[in-house]
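The values are calculated or read from the model by the stated rules, or taken from the named source; none is laboratory data. Predicted model, so just to flag it, every value in this text is computed and none were measured. As a convention, Cβ positions derive from the backbone with ideal geometry for all residues, glycine included, and neighbour counts pool all protein chains shown.
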Amino acid sequence: MPRGRCRIVFSSVSRTGAEAGAVLEGMVKSNAGMRIRIHQRQARRDWGPIEGPFEILEAGDNIHAETLAELVGQRVDAVTLLQLTRRQHPNCINIVNANIVRNLDVPASAVRPVGAGIRSGVHYD
């Protein structure tokens, strides 16, 4: 794996997928505590943002909390959210990428870890 790339770990939407109506939660520092309800099914895939519209349920405790708090209760999509978060943090990644959010409808015990010693979240090499 190239240095600096992240690996998908067991509880991310990249690994589990998610049905429409599922609640997803941020798993890394940049989206910690953020919760969204998706309105389109998410297939398992390696990378990329959540597809389709979603509703911001909670802003969480992260560097984007101020921006997210203004959007609580609103429907947005990944492109719009990225544009808004980049106003204050121009170099940020999309905080709703499928490899950094987990599906709260899938218990951690139902999914196997990708690598030994990794419990949840994303592991950066």
List, please: which pairs have Cβ atoms under 7 Å, are six or more places apart or on different chains, and start with a residue in the stretch 54-75 that is assigned to a helix (DSSP H, G or I) and end with one that is surrounded by 14 or more Cβ atoms within 10 Å (Cβ to Cβ) and of a type in the set (A, V, I, L, M, F, W, C)?
65/59; 67/84; 68/34; 68/56; 68/59; 69/59
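Rundown of residues vs (1) crowded, with 19+ Cβ neighbours inside 10 Å; (2) part of a strand (DSSP E or B); (3) at pLDDT 95 or above, yes/no style:
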residue: 1; (1), (2), (3): no, no, no
residue: 10; (1), (2), (3): yes, no, no
residue: 33; (1), (2), (3): no, no, yes
residue: 37; (1), (2), (3): no, yes, yes
residue: 52; (1), (2), (3): no, no, yes
residue: 80; (1), (2), (3): no, no, yes
residue: 91; (1), (2), (3): no, no, no
Restricting the search to the stretch 12-31, which residues are surrounded by fewer than 16 Cβ atoms within 10 Å (Cβ to Cβ) and charged (D, E, K, R)?
19, 29
Keeping to the stretch 17-61, report how many residues are in contact with a His (Cβ under 8 Å, 6 or more places away or on another chain) and aliphatic (A, V, I, L, M).
2
Only one of 98, 65 is of a type in the set (A, V, I, L, M, F, W, C) and out of contact with any Gly (no Cβ under 7 Å at 6 or more places or on another chain), namely 65
